[in-house]
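Remarks on the structure that follows.
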Amino acid sequence: MGTILYIARKQIKNNVIQLVRKPVRLIALIVAAALIIWMVWDLPSQSHGQMDLAILQSGFLAWLLVLGTITALSSVESGSSLFQLPDVNLLFVSPLSPKTVLAYGLARQTGKTVAGFAFLLFYSWMLVDNFGITVADVLLLILGSVLFLVAIQALALCLYCFANRGAVQRAAVKAGILAVPFLIILYVLYQSRDGLNFSVIYQTAASPVLDAFPVVGWIRGAVFALIVGNGALAGLYFALTAAFFALTILVLLKIDADYYEDVLSTAEKLFHVRRAIKEKRTVSLPTKKKVGRTGIGRGWGASAFFYKHLMENRRGSRFAWIGSSTLMLLLVNAAVAVVMRVIVSVNGHHAAADAVLFSGCGMSIYVMFFQNMMGDWAKELEKPYLYMVPEDPFRKLFWAGLSTGIQPAVNGLIVFAVMCAALHANPFTGIACVLGYASFGFLFTAGSVLGRRVLGRVPNRGIIMILYMLLLLLVLAPGVGGTLAVVLALDASIAGAAPLLWALPITIWNMTASLLIFYFCRGILFSCEK
């Protein structure tokens, strides 16, 4: 145990030293932490919300299902990342029991998970105001998510050991993982068969019957039992979760496949990739690829990066810019349209087509914010070519990020044209949604470049994500101000070409700000160590 504590102390010390040597990152963390503390402190102790708590229960169940399914599937594909290669060199060869080493890995991963969920506190105001819960209840929701993810990560490591034995076992594990959300969805649809509407669906999803479902139901049941003050029921669900977690660890330690060997493979791959980036060379990992058309074919200098991304997109889909992201955007807008019309119809009103289209566009922009963290330009930063090409840094950064910005423009043109026709909305509203969505695509690409420049890394988790949001809000402020001025000048009318006039200020500003960010942040290409 002394060895574990020594390594933990040294890692904490090294992280503190890195923060001191990079004042911008230290200031960013202090500002973000202060913002979280102020936000939690300023929340009302109690609010009498009007929304049914069952909506929050069903939404929390859906959140856990999505989180657990994605985590389990990715872990089965590539293995768990509880350890890094330095841990392997120091811990796996030391005279420590596997139980102690595994406990250390899980404890450290739990700390990372807590930090990664810090940005969820931004939703505290909405939850407290709408559902009449307290700040402590919001923290319970976040801690429940952390506990669930830790349990799923331990289970995923155990499943990886089994799936790694062959293709049949891997397919069986994937089928088992996908069966969990499928069974829950099937139950909800079956129970709602007599009257399939939004109210019946969320009431059924909040049923105590689903709380008996292993892990995901137990966590949901424990959290909401504490929220309503039923400590005995919460204790039962937490005990079941703890027993499941202990059983998972026991199986992992007793299973024939040594988890040391399994995590070593993943840790070694990650280490070689990081070292290759530092040494400005490529690294080849054994993967099976289907070889078709080869060669970039077009482009010279910096523009070759754009045509390279175009070729890579064609390998993933027959049509370069149309693929899974297009389908997902269409599903998001369709879901928003259905939910809005159901909710409004409950109150005896009819949802206006233009309002539904604008709401879908807003939700699509919100989803795109999280999708845009690892675009094509960010992938290029992990390779040496972008740094070595003897071109102007601004041109290289622009061409490397162009494909990431064009993708939303194409998706928006297709999806909002379809939605506008299906809803019989004002064509100018559809054009406004296309322009707004496309311009935010460019801005988010440029914003991730800005985050890399200011924060020293791609802002994709935890407190760094919070400060990244603040940076984007500051960049967006002039465009939002211009849009509000136009809206007030037109008396908030959505008739005729008014929606298009709304979209022009924010579109022009987003494109201008994106180009300025690319230009002033071109210095990130001077060194791949940043």
> Pick from region 182-202 the residues that are surrounded by 17 or more Cβ atoms within 10 Å (Cβ to Cβ) and modelled with pLDDT of 85 or more: which of them is nearest to Ala107 (Cα to Cα)?
Replying inline: Ile184
> For region 230-254, how many residues are in a loop (DSSP other than H, G, I, E, B) and under 15 Å from Val216 (Cα atoms)?
Replying inline: 0
> Here are some residues: Val173, Val215, Val150, Val188. Which one is on the phi > 0 side of the Ramachandran plot, in contact (Cβ under 8 Å) with a residue 12 or more places away in the chain and in the same structural domain as Leu56 (by TED's automatic domain parsing)?
Replying inline: Val215
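Filter region 192-215 for residues that are among the hydrophobic types (A, V, I, L, M, F, W, C) and in a helix (DSSP H, G or I) and give the result.
Taking region 192-215 and keeping what is among the hydrophobic types (A, V, I, L, M, F, W, C), we get 196, 198, 200-201, 205-206, 209-210, 212-213, 215.
Across region 192-215, the qualifying residues are Phe198, Val200, Ile201, Ala205, Val209, Leu210, Ala212.
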> Here are some residues: Leu183, Leu189, Leu157. Which one is assigned to a helix (DSSP H, G or I), over 23 Å from the mean Cα position of the chain (by Cα) and more than 23 Å from Val223 (Cβ to Cβ)?
Replying inline: Leu189
>> I'd like to know if region 353-374 contains one or more residues that are surrounded by fewer than 18 Cβ atoms within 10 Å (Cβ to Cβ), within 30 Å of Pro427 (Cβ to Cβ) and modelled with pLDDT under 65.
In response: no
>> Could you list, ordered by first residue, the pairs with Cβ atoms under 7 Å in which the first is in region 467-480 and free of Cβ contacts under 8 Å to residues at least 24 places away in the same chain and the second is of a type outside the set (A, V, I, L, M) and surrounded by 13 or more Cβ atoms within 10 Å (Cβ to Cβ), at least 6 apart or interchain?
In response: Tyr468/Gly451; Tyr468/Pro459
>> Which numbered condition in (1) under 30 Å from Gly496 (Cβ atoms); (2) surrounded by 24 or more Cβ atoms within 10 Å (Cβ to Cβ); (3) modelled with pLDDT of 80 or more is the only one that Gly405 fails?
In response: (3)
>> Being crowded, with 21+ Cβ neighbours inside 10 Å, modelled with pLDDT of 85 or more and either outside any helix (DSSP H, G or I) or outside the structural domain of Met363 (by TED's automatic domain parsing) (or both) narrows it down to one residue among Ala432, Ala503, Ala438, Ala425; which is it?
In response: Ala425
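The values are calculated or read from the model by the stated rules, or taken from the named source; none is laboratory data. Just so we're clear, the structure is a prediction, and the values are computed from it rather than from any experiment. Positions of Cβ are backbone-derived with ideal geometry, glycine not excepted, and every protein chain shown enters the neighbour counts.
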